[in-house]
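This report concerns only the one structure given below.
The values are calculated or read from the model by the stated rules, or taken from the named source; none is laboratory data. For clarity, every value in this text was computed on a predicted model and none was experimentally measured. Note that each Cβ is placed from the backbone with ideal geometry, even for glycine, and that neighbours are counted across all protein chains shown. All accessible areas refer to the heavy atoms of the entire protein, side chains included, with ligands and DNA or RNA removed. Shrake-Rupley method; radii C 1.70, N 1.55, O 1.52, S 1.80 Å.
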Amino acid sequence: MMQGKTAIVLFSDDFRINDNPALYNACQNYQNIIPMYIYQEDYLGRKLGTASKVFLHNVLNSFDKLLLTQFNIRLIIQKGDSIEVLKETLKKTRFDAIYFNESYTLNQIENEDKIKNYFNHLDVRCFKAKLLFHPSEIKPSSKTGSTSTINGVNAANHKFYKVFTPFAKQCLKNTHLIEEIYEKPQKINSVHNIKGVEVLQLNLIPKKQGLWHEKLITHWTFSFDEIENNFINFLENKLKFYKENRNIPSNKGTANISAYLRFGILSPKICFNAVMLAIANQCLNETENNQFVFELLWREFAYHVMFFNQNIANQELRPEYKNFQWNDSQDFLSKFLSKWQKGQTGFDIVDAGMNELWHTGVMHNRIRMVVASFLTKDLLINWRHGEQWFWDTLVDADPAVNPFSWQWVFGSGFDAAPYFRIFNPTSQKQKFDNNNLYCKKWLNSNWKADMIVNHDIQRKIALERYKNL
Ligand code: FAD
């Protein structure tokens, strides 16, 4: 412990005190801590979506309250370019160190490098906290891996996986790379003269949308205890049925943790360890082959792919899909894209999904696949429009998982759904919502089944266009 010395801990999408290595190590090494959050709307390399902002607003309030109740300290919230903010801070108070948990989008990597370079006279350290593995830690053998070609980070000659199963196997072989859990600090001293802004001054809450955001937020808890308890409850009561239940949207058979992982309220490491323990305790007998573990590893895979293909939200991962013939006239888009967005396609399961998204900021995974297939393969609208709509309306909108999943559904992604798998919304409904519980919940009583396209005809057109590639 450095007597009398101060460390700034920079938080960003790691808003937790349990298993937070930057916070833990700063408290170990320094006597005085300044917990700081610097907001920039495009910190992920693109403007944050509306629902994400609303969620972030609540996360920040809740995290600030947690720091206050647990340690009697406040989160110092700032706005703007990190280097400028830190330079200004240095004018007002002396600090000796900057600790943070590393990030993986190109914009964040560059920003974090700038901090390391500019403040190289200080003790600047970063840690792994947002994933189980650093995206470059899981390496394919030289024979099987692919080399990144599209705007990759440190990509030259770096091999990465394009197929999930060998990636997941390699992760499970390398669990020794997953670090120990970091305890929450016992006590934090925070003495300084830095004044931040109020969360409200970040303008994360939309001015025009009426009561939309207030209703959205009623679907979520921001109590850290409740979030952890809900996950424990899932592990105790639902994990053993996860494989069967996860595809039935009315079953509530999934963990509902994606937004909490996205903002770092839950630690992926704590989740992973807790699942492994639950599998052992409940004798689930499928440690190497557990569906829920695989889903956590899909998240890792999306980051692995994004890390080496930073243009994932803009560019097809498989270039041969670049020339797909989209219906992209302004007329077509203004008519059909907005019908899809508003849940007015006349296909019940699609419209119910789009309503669920609008009201709650999430959508069940099965339904995400159905609506994404409908947009790209029935309406033949470019996947980027769907990705952008999800980006704006999902509270779990993730810079890696969202574009990765859209490309997966369209077929241009790695290890993607084959192009000829075109979901028939009617049979998907029969298979996964046979009792109509999901559709009934999310469709208005005045909803009409006037289908805006004929699925069989659109399917044939889509297949023809795929063939032309
Ligand atoms: P559970 O089934 O309980 O799974 C636990 C965790 O595993 C999830 O929270 C998530 O972190 C991870 N996970 C589960 N399924 C996937 C998957 N298919 N790919 C990657 N990770 C997964 N997920 C996001 O977190 N953010 C997004 O922006 C996002 N966009 C998507 C877009 C499309 C078109 C599709 C088809 C899927 C998208 N997903 C996204 C993946 C998935 O739908 C959600 O992670 C899941 O529905 C979240 O619910 P849950 O927490 O109950 O998941």
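Quick look at the numbers
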| item | result |
| --- | --- |
| The listed residue being of a type in the set (K, R), assigned to a helix (DSSP H, G or I) and more than 11 Å from the ligand (Cβ to nearest atom), out of R368, R384 | R384 |
| Flag for E183 being touching a Phe, Trp or Tyr at 6+ places or on another chain (Cβ under 7 Å) and open to solvent by 20 Å² or more (accessible area, probe 1.4 Å) | yes |
| Test for Q388: is it within 30 Å of L56 (Cα to Cα), free of Cβ contacts under 8 Å to residues at least 40 places away in the same chain, open to solvent by 10 Å² or more (accessible area, probe 1.4 Å) and not aliphatic (A, V, I, L, M) | yes |
| Where a residue in the range 409-423 is closer than 16 Å to R384 by Cα and open to solvent by 10 Å² or more (accessible area, probe 1.4 Å) and its partner, wherever it lies, is hydroxyl-bearing (S, T, Y) and within 13 Å of the ligand (Cβ to nearest atom), with Cβ under 7 Å and at least six apart | V409/S373; V409/T376 |
| From the options D123, D81, D113, residue that is buried (at least 16 other Cβ atoms within 10 Å of the Cβ) and among the charged types (D, E, K, R) | D123 |
| Hits in the range 323-363 (condition: polar (S, T, N, Q), touching a residue at least 40 places away in the same chain (Cβ under 8 Å) and in a loop (DSSP other than H, G, I, E, B)) | N323, Q325, N327, Q344, T345 |
| Pairs with Cβ under 9 Å, 6+ apart, first in the range 85-102 and loosely packed, with under 12 Cβ neighbours inside 10 Å, second at pLDDT below 95 and in a helix (DSSP H, G or I) | none |
| Residue identified as within 30 Å of F55 (Cβ to Cβ) and either open to solvent by 10 Å² or more (accessible area, probe 1.4 Å) or among the hydrophobic types (A, V, I, L, M, F, W, C) (or both) among L463, L375 | L375 |
| Pair list, Cβ < 9 Å and 6+ apart or interchain, from the range 290-301 residues that are in contact (Cβ under 8 Å) with a residue 60 or more places away in the chain and within 14 Å of F133 (Cα to Cα) to residues that are near the ligand (Cβ under 7 Å from one of its atoms) and hydroxyl-bearing (S, T, Y) | W298/S405; R299/S258 |
| Members of the range 302-323 found to be hydrophobic (A, V, I, L, M, F, W, C) and within 14 Å of the ligand (Cβ to nearest atom), listed by number | A302, V305, M306, I312, A313 |
| Any hit, the range 416-423, residues being modelled with pLDDT of 95 or more and closer than 23 Å to E295 by Cβ | yes |
| Residue selected from the range 259-301 under the condition of a type in the set (G, A, S) and open to solvent by less than 50 Å² (accessible area, probe 1.4 Å), by the criterion nearest to the ligand (Cβ to nearest atom) | A259 |
| I227 more than 21 Å from F127 (Cβ to Cβ), aliphatic (A, V, I, L, M) and near the ligand (Cβ under 9 Å from one of its atoms) | no |
| Pairs with Cβ under 7 Å, 6+ apart, first in the range 257-276 and assigned to a helix (DSSP H, G or I), second open to solvent by less than 10 Å² (accessible area, probe 1.4 Å) and more than 11 Å from the ligand (Cβ to nearest atom) | A259/F55; Y260/I227; P268/L132; K269/D19; K269/L132; I270/D19; F272/L132 |
| Test: A352 is closer than 21 Å to P249 by Cα, more than 17 Å from the chain's Cα centre (by Cα) and at pLDDT 95 or above | yes |
| Residue check for G49: within 24 Å of the chain's Cα centre (by Cα) and at positive phi | no |
